[in-house]
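Just below is one structure, and these are the notes that go with it.
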Amino acid sequence: MPRMSLKEKLEVLADAAKYDASCASSATAKRDSRKGGIGSTEGMGICHAYAPDGRCISLLKILLTNYCQFDCHYCINRKSSSVRRAAFSVQEVVDLTLGFYRRNYIEGLFLSSGIIRSPDHTMEQLVEVARKLREEHGFHGYIHLKTIPDADPEIVAQAGLWADRVSINIELPTASALTRLAPDKSEARITSAMADMKEAIVEAKDAARRFKSAPRFAPAGQSTQMIVGADAATDTQIVDRAASLYRGFGMRRVYYSAFSPIPDASAVLPLRRPPLMREHRLYQSDWLMRFYGYEPHDIRDAADNGMLPLDVDPKLAWALKFREAFPVDVNRAERERLLRVPGLGVKAVTTMLSVRRHRRLRLDDVARLTQSIAKVRPFIVTADWRPTLLTDRADLRRLLAPREEQLELFAA
Ligand code: SF4
């Protein structure tokens with residue numbers, strides 16, 4: 001095979017990394033500066049992620065290699081795929097990261113890899129990139145390393161010494177789907193690697209509290225990703241799985257990636273991708289569980305036959321099913337009940353709780369805190385508003401469902 005230039009490798013290995021949603025900037029309109037103008041949404045290589053302090057940062061998102069000895073059906077880099085292959089050396093990734101950083105293109109690195117030679121060898125290479133950047137070049141930027149669950153736990157643990165965040169993909173919501181679609185992977189090995197990482201993160205936090213000089217260890221925690229729509233798992237199975245990952249392994253984030261048909265796809269996969277709205281509804285449910293006090297059983301209640309409705313968001317779906325819980329008096333109700341009101345976010349609820357200590361809230365006050373007072377009105381009582389029959393109207397869902405439009409997940 002002819003030697004590839006660094007630029008060619010970058011094209012192949014940045015493109016190969018785009019299927020990982022853990023730092024997604026996908027789903028926007030297709031624009032390409034190679035056809036004129038400035039800026040591309042098509043070219044791969046730089047993605048955006050949120051740092052632990054909430055800043056949106058640009059990351060160089062690449063694979064070390066897209067050679068892989070595993071044969072996961074859903075993956076374009078699987079061994080039986082005829083995709084063009086490339087591999088960076090450790091030093092090439094280090095140089096690229098530093099070069100991009102110095103030119104102010106990026107603030108960090110997101111590095112994953114196919115499995116070459118052995119899981120241990122691959123993991124060692126990933127760790128070596130991060131070590132060199134930190135130890136030899138004093139790199140203080142953000143580093144997110146994907147880890148290889150089949151590698152020796154000692155090597156996996158080293159990733160946490162250099163990276164801000166580590167992730168181990170659970171890949172599929174059920175063990176049976178994993179066996180069928182990723183025959184080389186084992187759920188037991190994945191969850192055991194997650195458990196080890198959680199323990200190491202907890203120990204490091206504890207040590208940091210007691211000793212100033214304790215080494216930092218994956219300060220941005222661990223995350224994982226689940227592919228949606230490649231198997232028959234329902235939304236409620238996915239949500240239950242996500243909840244168990246948050247609970248059991250202290251995940252900072254679970255990412256959902258709608259399965260997208262890949263070139264040269266395996267015959268065991270569906271031919272069509274699930275609606276992007278399905279992925280969006282799962283993110284909304286995830287948000288409800290993490291910030292609004294919803295439990296997995298609430299999400300199950302909002303679903304029909306295990307699937308979340310696509311026409312309304314899960315919070316509204318729940319409220320429409322449990323109308324006896326409304327209207328909620330915004331001048332009296334406790335925080336938990338206010339957070340159940342469709343259209344009221346955490347910030348709006350916090351503001352309302354603070355303002356009502358001084359005066360009674362009117363409908364206009366609430367309108368200033370929400371994007372759509374029409375959505376909120378049927379579910380609240382204010383000093384000057386009571387919905388009377390509106391809450392129980394049979395056609396309330398139709399009145400509140402947004403008009404159908406093409407979804408752009410990351411539209412401004
Ligand atoms: S191990 Fe990773 S890179 Fe290799 S085929 Fe499976 S998902 Fe793709």
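The values are calculated or read from the model by the stated rules, or taken from the named source; none is laboratory data. Note that the coordinates shown come from a computational prediction; the quantities given were computed from them, not determined experimentally. In this analysis, Cβ positions are derived from the backbone assuming ideal geometry, glycine residues included, and neighbour counts consider all displayed protein chains. These accessible areas exclude ligands, DNA and RNA; they are computed on the full protein's heavy atoms, side chains included. Shrake-Rupley method; radii C 1.70, N 1.55, O 1.52, S 1.80 Å.
Out of the residues in the range 151-171 meeting the condition of being assigned to a loop (DSSP other than H, G, I, E, B) and open to solvent by less than 40 Å² (accessible area, probe 1.4 Å), tell me which one is farthest from the ligand (Cβ to nearest atom).
So, considering only residues that are assigned to a loop (DSSP other than H, G, I, E, B) and open to solvent by less than 40 Å² (accessible area, probe 1.4 Å), the one farthest from the ligand (Cβ to nearest atom) is ASP164.
Taking PRO342, is it buried (at least 21 other Cβ atoms within 10 Å of the Cβ) and free of Cβ contacts under 8 Å to residues at least 40 places away in the same chain?
When the stated conditions are applied, PRO342 does not pass them.
Scanning the range 188-223 for residues that are open to solvent by less than 70 Å² (accessible area, probe 1.4 Å) and not in a helix (DSSP H, G or I), which turns out farthest from the ligand (Cβ to nearest atom)?
Ranking the qualifying residues of the range 188-223, first place goes to ALA214.
Say we look at the range 248-285 and pick out the residues that are of a type in the set (Ser, Thr, Tyr) and closer than 28 Å to PHE70 by Cα; which of these is surrounded by the fewest Cβ atoms within 10 Å (Cβ to Cβ)?
Checked the range 248-285; the qualifying residue surrounded by the fewest Cβ atoms within 10 Å (Cβ to Cβ) is SER266.
Suppose we filter the range 79-112 for residues that are assigned to a loop (DSSP other than H, G, I, E, B), open to solvent by less than 20 Å² (accessible area, probe 1.4 Å) and either more than 21 Å from CYS47 (Cα to Cα) or within 15 Å of the ligand (Cβ to nearest atom) (or both); how many remain?
3
Looking at ARG131, ARG117 in this structure, which one is over 24 Å from the mean Cα position of the chain (by Cα), outside any strand (DSSP E or B) and on the phi < 0 side of the Ramachandran plot?
ARG131
Which one of these is under 27 Å from MET277 (Cα atoms), of a type outside the set (S, T, N, Q), within 12 Å of the ligand (Cβ to nearest atom) and at pLDDT below 95: CYS75, CYS47?
Only one candidate passes the filter, namely CYS75.
Does the range 367-388 hold any residues that are polar (S, T, N, Q) and either in a loop (DSSP other than H, G, I, E, B) or closer than 12 Å to LEU344 by Cα (or both), and which are they?
Scanning the range 367-388 gives THR370, GLN371, SER372, THR388.
Only residues that are open to solvent by less than 10 Å² (accessible area, probe 1.4 Å), hydrophobic (A, V, I, L, M, F, W, C), closer than 22 Å to ILE148 by Cβ and not in a loop (DSSP other than H, G, I, E, B): list them for the range 224-241, please.
MET226
So which residues in the range 55-72 are open to solvent by 20 Å² or more (accessible area, probe 1.4 Å) and either near the ligand (Cβ under 6 Å from one of its atoms) or not in a strand (DSSP E or B) (or both), if there are any at all?
ARG55, TYR67, CYS68, GLN69, PHE70, ASP71
Counting only residues that are within 16 Å of the ligand (Cβ to nearest atom), open to solvent by 10 Å² or more (accessible area, probe 1.4 Å) and part of a helix (DSSP H, G or I), which one in the range 176-187 is nearest to TYR246 (Cα to Cα)?
GLU187
Do we find that GLN125 is farther than 23 Å from PHE217 by Cα, out of contact with any Ser or Thr (no Cβ under 6 Å at 6 or more places or on another chain) and modelled with pLDDT of 95 or more in this structure?
No; evaluated as a whole, the condition is false for this residue.
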